[in-house]
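J.: I am attaching a structure below and will ask some questions about it afterwards.
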Amino acid sequence: MASGPTFSFSILQRRADMKKKLTELLEKAIYSCFTQGTLHETVIPSIEVELPREGAHGDYASNIAMMLASGQRRPPRKIAESIVESIDDSAKILDKVEIAGPGFINFFIKGSAWAALLKEVDALGDKYGQSAMGMGSKIQVEFVSANPTGPLHIGHARGAVIGDVIAGILRASGFSVSREYYINDAGNQMNTLGESVYYRYLGLMGETISFPETCYQGAYITDLAREVRDTYGDTFLKSGKEAAVPFMTDYAAGSILEGIKEDLETLGVVFDRYFSEKELYRDNKVSKIIEKLRNERFIYEEEGTLWFKTTDFGDEKDRVVVRGNGDPTYFAADIAYHLNKYERGFDRIINVWGADHHGYIPRMQACVQALGRKKEDLDVVLVQLVNLLRGGVPVPMSTRAGEFVTIREVTDEVGRDAARYNFLMRRSNSHLDFDLEIAKAQSNENPVYYVQYAHARICSIMRNAVEQGHRIPVYGDISLDLLAAPEEHELIKMIDTFPEIVEGSAQALEPHRIPYYINDLASVFHSFYNKHKVVSDNIALTQARLFLIKSTGIVIRNALRLLGVSAPERM
RNA sequence: GCGCCCAUGGCUCAGCUGGAUAGAGCGUCGGACUACGAAUCCGAAGGUCGAAGGUUCGAAUCCUUCUGGGCGUACCA
């Protein structure tokens, strides 16, 4: 079931980070130029404020003068001058403003303005980083959706974690999100599963059979056959194949699915709903939608088969929905399934697929449009395959031969935190090298520890401070001016960026931005730590710095929570 | 053949949807613990952003062509 956001919209909408404050200053300044006549009245392009790489370019910079140049027909630097003259810094956050290069406006922030940004971190606590961007709109994220014909392998694991975290990030961004697993439990591969178990069963019962090549080869098939034998004895020897195979199919699918659920749980992935393909057939959903689309001329008959006119929507060729023998294709069920999703009220649906399914996208987009939705109502996130390595050497895998490393084996070996973090570190659209030795290394080679260590270190300092009789301060307790060192400003600036990172990540459906962000945050924190002593004889300064690291800890914790990775207090 | 994805220091990868002198980590070299956790920090070396054109004030980013890799091109899922 979809659950709504748990935060208060009003609090979050009031939040303004430094970029937003500067954007507003610029906007007002430009309007003021219009009324003064120093600029021609034109449409204002969206104002971008960015973090310059170079410290000499200020704390923040905007290219708005360059953006306005063509409309104003004046050199960008002149435009920048007019804008800067009109800036009204009544809140006194600016130390100085410079015009540089081709027309950048560079902002230098007043020292005391920095610490004020931490007020909201303290006020929001666990909720810092959440936003109301989604306005409660309903999104479904469908992922994994592997056939219950065998255990999940490492590629599924990556998709599972990425889907899970996308869902989490969207939820934190104010969407109402539901995680769903589509079980492909209809179709002929399920029959093959049943046959596979059946033949192994025959083998175990002493029959001489040649196990078909087309059947699933894995050892787990024999395990299932053994379970059947132990429970039911020779029942299915007598019953004949026609009666035995459907039973084997159900038995195996049920058992494998349970295993899949358990494995996902060890990875920290839990679904709101498992949706069975069989349900669609049982309720005649497939035939109904085919009939409807046929009446609407999206589906036509040719030589005894039914075709979906996906070319109407830009697909390369039309696609079969019902075969010549009367069997519907996987695509047919998928049409019914996606219709069902929209009928359940999802404003937008996101499918996380293995990259080898990319050829399927055009027909699915055609499908949603034929169903009367916009193309944008369906997003497909492609997850590239995983190369599993051990100490730099590829681990051979062949699904057909049943030789693969399962999710369970990976999580058992490297642990949930390391597994998840490693899956999330790369853009989902690029190949991932997953090295078991690095992932389980308790060393600096393993990136997850870098971040967790920062958190543990913060907790340790705070424990230490409390032991020495210090109080852990809240915002009102500290003197903002004391946080004056460049390292402190850097740290605050990073903290201030977090909500924007989450929003961007949600908007782009790119979870990897979060690990990169926390890594940077941890790095800035470690630098600060090495340069400055938090707990000292100077009580006021100690309070201010304790507050700073407390805020840092909140952000690391919130970010790790989004990733489903723990934030240990000791390690 | 056609379509999609990828190409950035020795290796693995970021690059905020077009911004200023392209960044991390690992590896290499050199430094920092009688101080709150050295799983850390500081510094150095290392790149013509696969190639060639084009778009404009400005390109790793957008367009075209080419090269090299992955995947897909079923009445399989």
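J.: Students often check this: by mean Cβ neighbours within 10 Å, which of A:91-103, A:41-53, A:336-348 ranks highest, and how do the rest follow?
T.: In descending order of packing, they fall as A:336-348, A:91-103, A:41-53.
J.: Next question. How large is the charge dipole for the range A:188-263, taken about the Cα centre, if only the Cβ atoms of Lys, Arg (+1) and Asp, Glu (-1) carry charge, to the nearest 20 debye?
T.: About 180 debye.
J.: Show that you can apply the helix-only estimate: for chain A, add -39,500 (n - 2.57) for every DSSP H stretch of four or more residues, divide by all residues, and state [θ] at 222 nm to the nearest 500. Kindly include the intermediate steps, with their values, before the conclusion.
T.: Values: 22 runs with 289 residues, N = 571.
It lands at -16000 deg cm²/dmol.
J.: Scale the Cα Rg of the range A:37-162 by the rule-of-thumb value 2.2 N^0.38 Å and send over the ratio, two decimals. Spell out each step's value before the answer.
T.: Values: Rg = 22.9 Å, N = 126, 2.2 N^0.38 = 13.8 Å.
Its radius of gyration relative to the 2.2 N^0.38 Å reference: 1.66.
J.: Based on the Cα gyration tensor of the range A:18-109, what are the three equivalent ellipsoid semi-axes, each the root of five times an eigenvalue, rounded to whole Å and given largest first?
T.: The equivalent ellipsoid of the range A:18-109 has semi-axes of 20, 15, 11 Å.
J.: Now for a separate question. Relative contact order for chain A: what is it in percent, counting Cα pairs under 8 Å that are at least 6 residues apart?
T.: Across chain A, relative contact order equals 16 percent.
J.: Would you mind putting A:518-531, A:495-508 in packing order, based on average other-beta-carbon counts within 10 Å, highest first?
T.: A:495-508, A:518-531
J.: Let me ask you something else. Can you give me the convex hull volume of the Cα atoms of the range A:147-282, divided per residue and expressed in Å³? Intermediate results must be reported in sequence, preceding the final value.
T.: Working: hull volume 15.7 nm³, N = 136.
Per-residue hull volume (Cα only) is 115 Å³.
J.: Computed over the Cα atoms, what is the radius of gyration of the range A:188-263 divided by 2.2 N^0.38 Å, N being its residue count?
T.: It is 1.01.
J.: Working from Cα positions, state the angle (0 to 90°, nearest 10) between the long axis of helix A:330-343 and the longest principal axis of chain A.
T.: 50
J.: Starting from the exponent 0.38 and prefactor 2.2 Å, build the expected Rg for chain A from its residue count and divide its actual Cα Rg by it. Intermediate results must be reported in sequence, preceding the final value.
T.: Details: Rg = 29.1 Å, N = 571, 2.2 N^0.38 = 24.5 Å.
Here the Cα radius of gyration is 1.18 times the empirical estimate.
All of the numbers you see were taken from the coordinates with simple rules; none came from a lab. If you're wondering where the values come from, they're calculated on a predicted model, not measured in any experiment. Virtual Cβ from ideal backbone geometry, glycine too; neighbours counted across all protein chains shown.
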